[in-house]
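Beneath this line is the structure, given in structure tokens, with notes to follow.
The values are calculated or read from the model by the stated rules, or taken from the named source; none is laboratory data. Quick caveat, the model's predicted, so the values are computed rather than measured. Virtual Cβ from ideal backbone geometry, glycine too; neighbours counted across all protein chains shown. All accessible areas refer to the heavy atoms of the entire protein, side chains included, with ligands and DNA or RNA removed. Shrake-Rupley method; radii C 1.70, N 1.55, O 1.52, S 1.80 Å.
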Amino acid sequence: MIRKLAALAALLSPLCSAHAEQSTWSFAYTGFDVATISWDGETTKWNPAANIKGTFSGTDSNGDGKLVFSELSLLQVGGFDYVGCSWGTCRSDYTFSYAPNSQLEFKVSRYSNDPEGYVFWSTVYESGTSAEFMQYALGSPSGARYAWTPQTTLSIAAAVPEPSSYAMIVAGLLLVGVAARVRRAR
């Protein structure tokens, strides 16, 4: 009896730890009021094709059903990883929150300039509010601002599991089948 319980515990233990596995999601916000900024001023126009895309990976280490910035291993927005960012060009006051089937909320930014100090650029993303891509060359601004509107949509999808995950599932099912066959043979 004890052997059977130990075998059952060994088979079920990977399932119990599954909630703490790292997961990956891809997201895209689409449809913004896009403001083009130049030294002449600012012009704004609705663009249904304008988008902001990204990916994030993390582990819900405290089991509360929500990912926060400290639980992330990757937060890539617009092709830049804000988790792996060096603090010389990034800010440390990032916020991030995501619970499956809920809103995705984050605020990240980065800044840089040329060695002489003639050109300065910044990128700031604040979901639900705006995304700004600015450059200042000799004091003249240029860039764009994407403003969220009621028509802005969010699509988010969990990444397909790695082939190794499928291999583990198949191996587990084979192990259960072999154990049942051995039991019948006795």
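One residue stands out among those in segment 54-70 that are touching a residue at least 12 places away in the same chain (Cβ under 8 Å) and part of a loop (DSSP other than H, G, I, E, B): the one that is surrounded by the most Cβ atoms within 10 Å (Cβ to Cβ), which is 60. Among the residues making up segment 37-50, those that are surrounded by fewer than 17 Cβ atoms within 10 Å (Cβ to Cβ) and out of contact with any Asp or Glu (no Cβ under 7 Å at 6 or more places or on another chain) are 38, 39, 40, 41, 42, 43, 45, 47, 48, 49.
Within segment 53-96, the residues that satisfy the criterion of being touching a Ser or Thr at 6+ places or on another chain (Cβ under 6 Å) and under 14 Å from residue 111 (Cα atoms) are 89, 91.
Residues checked against (1) touching a Lys or Arg at 6+ places or on another chain (Cβ under 8 Å); (2) at pLDDT 90 or above; (3) open to solvent by 80 Å² or more (accessible area, probe 1.4 Å); (4) closer than 21 Å to residue 32 by Cβ:
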position: 95; (1), (2), (3), (4): yes, yes, no, yes
position: 106; (1), (2), (3), (4): no, yes, no, yes
position: 111; (1), (2), (3), (4): yes, no, no, no
position: 137; (1), (2), (3), (4): no, no, no, no
position: 162; (1), (2), (3), (4): no, no, yes, no
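The C-beta contact set for segment 144-155 (first residue within 25 Å of residue 38 (Cβ to Cβ), second residue outside any strand (DSSP E or B), distance under 8 angstrom, 6+ apart or interchain) comprises 147/129; 148/127; 148/128; 148/129.
Taking the listed residues 66, 4, the one that is basic (Lys, Arg) and either in contact with a Phe, Trp or Tyr (Cβ under 8 Å, 6 or more places away or on another chain) or at pLDDT 80 or above (or both) is 66, with no other qualifying.
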